[in-house]
Amino acid sequence: MNKDKATGALLIIISVIVILAYLVILWYPPIAAKAALTLLKLTGSIAVLAIFAIIGWIGYTLVTTPPPKPIEEIEKELEKELKEIEKDSKEENQKQTSSQKDLQK
């Protein structure tokens, strides 16, 4: 079994164990009486923290990422490159035709 499959299997096993432990603590009467409210508070806290951490990360990314170039600027760059390519292509064609003329003489 390669490393990725072993890691995946371990994650599945840990997930099943955590799910079962969560359900037992939440619903098994002797334990539920003492720990259910704490478990629900912990679950809610983790969920809220995770959601707002993701929102904060998105905000940070938006703040630190430079804005994209305007389309007009990109179009001008592309036109400039296209003209250079066409110019190079014409020069090559002229060289080839002059070489062929020299060979024909």
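Summary table
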| item | result |
| --- | --- |
| Unmet criterion (only one of (1) exposed (fewer than 10 other Cβ atoms within 10 Å of the Cβ); (2) assigned to a helix (DSSP H, G or I); (3) within 21 Å of the chain's Cα centre (by Cα)) for A33 | (3) |
| Residue count for the stretch 63-84, restricted to those that are surrounded by 10 or more Cβ atoms within 10 Å (Cβ to Cβ) and among the aliphatic types (A, V, I, L, M) | 3 |
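Quick note: the coordinates plus some simple rules give every number you see, no bench work behind them. Note that the coordinates shown come from a computational prediction; the quantities given were computed from them, not determined experimentally. Methodologically, a virtual Cβ is constructed for each residue, glycine included, from the backbone with ideal geometry; neighbour enumeration extends over all protein chains shown.
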